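Each remark here refers to the structure printed beneath this line.
Since every read-out is calculated from the coordinates, none of them should be taken as a lab result. Values in this document were obtained by computation on a predicted structure and should not be read as measured data. Methodologically, a virtual Cβ is constructed for each residue, glycine included, from the backbone with ideal geometry; neighbour enumeration extends over all protein chains shown.
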Ligand code: SAM
């Protein structure tokens, strides 16, 4: 993405470290890039921070160097996030940062740094890469994740038939704004391809959406009792709705290319207005597979006039989740995303 935006530089990344550092050759260009790379366009990243060089901390006083690094950036921030890589080693660091937080907050205030100024443009981040090393940086709250480490805190609903339900719950949160969420109400209709046992259908039903659940497998009996679900025991790849629906969601375990083709066909043919689908990725060449899926979608939809976002959600595993909708020329974008050919 940096190359596409004309910023030359180099990347430092270690396998399994769960983070990567990009340094632009031109410092001003790097700062500009960090400001303009919206997290929404990155598929596998959970957070993007414009970070300073590594701050080395002392065992007895971790706070002072962090405050100094923050002071060098500014005095007003829209929030304070203490983060670490999402690895086992990173998780161990949480036992260090939790007790550190009140001390750091106190020291920042004492140094005249307001980190809770809702009018400030940037949020302050302290990214720990070890017990005695961190990067202090900033992000634009409008372009980055509102949750520390990009991890949304979703509670598993006890009535939902499967843990998969959290994927669709997170997808709604990630891809849809207030207006789009309103289109997920009692007037809406949906088809759920690969629906069994019903975690995704449950998310739709709890919003009052009438769902046709397509799967040869069984659906959860309590969910069927809602009266909002019709179960079709047939092949989701060849199923067509008798009349157009508002939403199609798809969680079938199939090749990403096939699912990308299926979902974009639903949009192209007008069988649904919006779709959220999962692409199950192979262990290797995930990025290439995502790119191939993008190309298939682009070709099926005639090279433009659509809205596409893809993201490996926190609750996803070896997969990414995509949101795709038609975008009429001149109409307001009805969701945050990548406008293509509009
Ligand atoms: N989204 C579901 C939930 O939240 O409970 C879980 C779906 S599970 C990951 C995948 C489902 O896809 C399985 O129930 C399987 O039977 C179904 N499936 C696989 N291929 C299918 C096809 N061609 N047509 C319909 N369903 C299919």
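Structure data summary
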item: Contact order normalised by residue count of the chain, Cα under 8 Å, 6+ apart, percent; result: 13 percent
item: Label point 7 Å beyond Cα of residue 75 along Cβ direction - residues of the stretch 101-122 with amide nitrogen under 13 Å; result: 109-115
item: Hydrodynamic radius (Kirkwood) for the stretch 144-210, which is based on Cα pairs only, to one decimal in Å; result: 12.8 Å
item: Rg followed by Dmax, in Å, when the stretch 7-137 is reduced to its Cα trace; result: 14.8, 40
item: Mean-position separation - Cα centroids, the stretch 194-230 and the stretch 114-161, in angstrom; result: 34 Å
item: Length-normalised contact order of the stretch 26-135 in % [C-alpha pairs under 8 Å, at least 6 apart]; result: 35 percent
item: FRET efficiency, 1/(1 + (r/R0)^6) with R0 30 Å, evaluated for residue 147 and residue 11 via beta carbons; result: 0.75
item: Cα gyration tensor category, rounded, prolate or oblate, for the stretch 25-90 with a/c compared to 1.5; result: oblate
item: Folded to 0 to 90 degrees: helix 286-300 orientation relative to the chain principal axis, Cα; result: 50 degrees
item: Cubic angstrom per residue, convex hull over Cα atoms of the chain; result: 153 Å³
item: On Cα atoms only, tilt of 256-268 relative to the major axis of the chain in degrees; result: 70 degrees
item: Rounded tilt (10° steps) of 165-175 against the dominant C-alpha axis of the chain; result: 70 degrees
item: Cα gyration tensor category, rounded, prolate or oblate, for the stretch 155-259 with a/c compared to 1.5; result: rounded
item: Relative contact order of the stretch 139-244, defined on C-alpha pairs under 8 angstrom at six or more residues apart (%); result: 21 percent
item: Calculated FRET value between residue 21 and residue 318, using beta carbons and R₀ = 41 Å, to 0.05; result: 0.95
